[in-house]
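Asks: Take a look at this one; I'll ask things after.
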Amino acid sequence: MAEEEGRGEFTEDGTVDLRGNPVLRSKRGGWTACSFIVVYEVFERMAYHGISSNLVVYLTKKLHQGTVASANNVTNWTGTVWMTPILGAYIADAHLGRYWTFVIASSIYISGMCLLTLAVSLPALRPPHCHQVDVNSCKHASPLQLGVFYSALYILAIGTGGTKPNISTIGADQFDNFHPKEKTHKLSFFNWWMFSIFFGTLFANTFLVYIQDNVGWTLGYGLPTIGLIISVLIFLAGTPFYRHKLPTGSPFTRMARVIVASLRKWRVPIPSDPKQLYELDLQEYASKGKFRIDSTNTLRLLNKASVRTASNSPWMLCSVTQVEETKQMLCMIPILIATFVPSTMLAQINTLFVKQGTTLDRSIGNFSIPPASLTAFVTISMLVCVVIYDRFFVKMMRRWTKNPRGITLLQRMGIGLLLHIIIMLIASLTERRRLSVAKQHGLVENGGTIPLSIFILLPQFILMGTADAFLEVAKIEFFYDQAPESMKSLGTSYAMTSLGIGNFLSSFLLSTVSSITKSDDGHKGWILNNLNASHLDYYYAFFAVLNILNFIFFAMVTKFYVYKADTSEQINGNA
């Protein structure tokens with residue numbers, strides 16, 4: 001009897017300790033374990049944004065790169081940072097598990113940060129200082145200097161690929177979905193998770209960028225490096241309290257098996273009764289802490305993979321649940337594509353938006369505002385809007401829609417897409433005013449500081465945070481919520497992939513537009529090293545049109561999207 005009562009205290013979702021033994025609910029997991037994870041994220045966000053927020057300024061002022069080159073180098077690196085989590089999620093799910101993948105990746109992350117701090121500290125690893133407005137007149141960085149700097153950046157990017165997709169899911173793993181109280185606590189965990197991201201990002205965008213611009217890059221990069229080391233030590237200190245989930249195999253392999261099996265059996269008829277399709281017993285799923293999914297008519301062709309034939313090979317016969325998991329991941333792809341353009345807009349924050357700030361009056365008395373510090377208003381705006389949204393907007397909308405979330409996740413994303421159209425229109429008009437003042441004061445050719453306060457850029461930064469409160473928060477929740485239970489890491493990586501491709505798309509568009517707008521008749525193009533002689537107003541107007549077209553595409557694909565059967569959106573049906 002005592003043994004049975006003891007068994008009742010074990011978690012029911014298949015979580016284990018590092019040795020693979022079942023864990024007692026009272027001994028591991030819960031808020032005790034999550035406290036280490038949340039504190040880690042605060043320091044890690046400080047480290048990452050301490051580098052990314054002001055990177056374009058370092059590339060311009062210290063490595064003497066032009067506008068297009070520096071902006072593209074930032075977005076290419078940022079794109080890599082957000083794409084490598086796909087590899088990290090695969091390694092964790094298929095081989096090492098989330099904990100060991102994270103530990104190994106964090107050591108790579110730290111080594112990249114240390115090398116980066118060394119690269120900005122040693123005079124031999126950067127070109128001599130130059131005061132020229134046109135960086136083409138300055139001595140450029142040597143191949144060795146560039147090699148060391150970019151090696152550090154991309155080592156860092158590889159490290160984040162193993163930490164980003166796994167740290168949030170490690171946190172979520174500390175709560176048992178089969179326990180009603182813990183399942184409720186998991187929702188609160190994501191709120192605290194977002195708060196930790198806000199806090200770390202805000203500190204980096206204010207204090208650290210000020211240190212970099214006014215004290216020195218050695219201290220400005222050294223502090224986030226030390227912060228990252230502290231954060232990893234904090235995470236490791238919580239090891240005795242963590243629950244772990246065993247690797248379940250590659251989700252890509254499981255999806256490939258379904259697609260291959262359905263294509264190989266494309267002539268096999270699907271039985272009218274779904275019960276005739278191949279499926280495992282309910283007890284087999286329950287014993288592994290997994291959910292069984294009923295057959296649906298969405299992407300009906302894939303149902304052929306679960307039709308019984310003579311062969312029982314996993315590449316010829318898949319369970320109904322495997323088929324439905326694959327459907328869920330495939331059905332989210334059109335929504336994923338619709339997030340690429342707004343992710344491209346986010347890439348402008350740390351590149352062209354910050355570059356605009358370097359041309360404006362940044363003084364308040366004797367204090368000089370670092371251009372990258374305006375990105376703090378994105379974080380502040382997002383934090384305020386999330387609170388207002390959660391405390392007031394949701395409660396108000398519940399009365400009308402009867403939806404527990406107030407509005408559906410896709411409707412929330414749609415509002416964010418509309419805000420992106422408004423943002424780029426405002427950015428275009430603001431830039432037109434900046435260029436007009438530059439012309440009035442004869443500052444076009446010499447690229448001098450324009451007598452306009454840097455705060456004229458505030459609307460586009462603040463609205464970007466407002467758009468994030470709708471789009472980015474809903475995007476993360478959507479891809480996590482709609483992914484099947486066994487593919488949560490892959491679902492989380494969808495949101496990160498969106499940011500990665502958005503940054504690569506930003507690089508492509510900037511290079512293409514810069515090249516196309518140059519002409520043989522003397523026209524210099526829209527994007528030049530001297531922003532006072534450029535036409536960013538045209539570029540931002542082009543982005544506004546691109547956002548309008550993207551919104552139309554989003555409206556079309558969401559019309560046909562069907563939410564998972566176990567989500568709250570089912571109350572209202574489609575978005």
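The values are calculated or read from the model by the stated rules, or taken from the named source; none is laboratory data. Predicted model only: the values in this text are computed from it and were never measured. Neighbour counts are summed over all protein chains in view; Cβ atoms, including those assigned to glycine, are modelled from backbone coordinates with ideal geometry. Protein only, heavy atoms only, side chains kept; ligands, DNA and RNA dropped before computing areas. Shrake-Rupley method; radii C 1.70, N 1.55, O 1.52, S 1.80 Å.
Asks: Of the conditions (1) open to solvent by less than 10 Å² (accessible area, probe 1.4 Å); (2) modelled with pLDDT under 90, A69 satisfies every one except a single condition; which number is it?
Replies: A69 satisfies all of (1) open to solvent by less than 10 Å² (accessible area, probe 1.4 Å); (2) modelled with pLDDT under 90 except (1).
Asks: Can you tell me which of L360, L374, L346, L352 is open to solvent by 10 Å² or more (accessible area, probe 1.4 Å) and not β-branched (V, I, T)?
Replies: Just one listed residue meets the conditions, L346.
Asks: Only helices (runs of 4 or more DSSP H) wholly contained in segment 329-426 count here; list those with 1 or more residues that are farther than 30 Å from T184 by Cβ and hydrophobic (A, V, I, L, M, F, W, C).
Replies: Passing ranges, in order: 333-338, 340-346, 354-357, 375-388.
Asks: Restricted to segment 241-253, and to residues that are surrounded by fewer than 21 Cβ atoms within 10 Å (Cβ to Cβ) and touching a Ser or Thr at 6+ places or on another chain (Cβ under 8 Å), which residue is nearest to D93 (Cα to Cα)?
Replies: Per the criteria, the residue is T248.
Asks: Output the residues belonging to segment 542-565 that are small (G, A, S) and within 13 Å of C331 (Cβ to Cβ).
Replies: A565
Asks: A further question on this structure: Could you please tell me which pairs satisfy a Cβ distance under 6 Å, a separation of 6+ or placement on different chains, a first residue in segment 436-456 that is free of Cβ contacts under 8 Å to residues at least 12 places away in the same chain, and a second residue that is surrounded by fewer than 14 Cβ atoms within 10 Å (Cβ to Cβ) and in a strand (DSSP E or B)?
Replies: Within 6 Å, no pair qualifies.
Asks: Further, regarding this structure: Look at segment 318-332 and say how many of its residues are open to solvent by 20 Å² or more (accessible area, probe 1.4 Å) and among the hydrophobic types (A, V, I, L, M, F, W, C).
Replies: Counting residues in segment 318-332 that are open to solvent by 20 Å² or more (accessible area, probe 1.4 Å) and among the hydrophobic types (A, V, I, L, M, F, W, C) gives 2.
Asks: Could you look through segment 171-190, keep only residues that are open to solvent by 10 Å² or more (accessible area, probe 1.4 Å) and touching a residue at least 12 places away in the same chain (Cβ under 8 Å), and pick out the one that is nearest to the chain's Cα centre (by Cα)?
Replies: F190
Asks: Which condition breaks for H64 when tested against (1) touching a residue at least 24 places away in the same chain (Cβ under 8 Å); (2) open to solvent by less than 10 Å² (accessible area, probe 1.4 Å); (3) in a helix (DSSP H, G or I)?
Replies: Going through the list (1) touching a residue at least 24 places away in the same chain (Cβ under 8 Å); (2) open to solvent by less than 10 Å² (accessible area, probe 1.4 Å); (3) in a helix (DSSP H, G or I), H64 breaks only (3).
Asks: Where in segment 211-310 are the helices (runs of 4 or more DSSP H), entirely inside, with at least 2 residues that are closer than 27 Å to M332 by Cβ?
Replies: Passing ranges, in order: 251-264, 282-287.
Asks: Mind listing whichever residues of segment 435-445 are in contact with a helix residue (DSSP H, G or I) (Cβ under 7 Å, 6 or more places away or on another chain) and either within 21 Å of F542 (Cβ to Cβ) or assigned to a helix (DSSP H, G or I) (or both)?
Replies: Matches in segment 435-445: L435, A438.
Asks: Applying the selection to segment 438-486, what residues are open to solvent by 30 Å² or more (accessible area, probe 1.4 Å) and within 16 Å of L336 (Cα to Cα)?
Replies: Once the filter is applied, which keeps residues that are open to solvent by 30 Å² or more (accessible area, probe 1.4 Å) and within 16 Å of L336 (Cα to Cα), segment 438-486 yields F470, I476, E477, Y480, D481.
Asks: Mind telling me which of the residues W31, W100 ends up being part of a helix (DSSP H, G or I), within 17 Å of D176 (Cα to Cα), open to solvent by 60 Å² or more (accessible area, probe 1.4 Å) and not acidic (D, E)?
Replies: W31
Asks: Among the numbered criteria (1) buried (at least 18 other Cβ atoms within 10 Å of the Cβ); (2) over 22 Å from the mean Cα position of the chain (by Cα); (3) at pLDDT 90 or above, which one does R126 miss?
Replies: (3)
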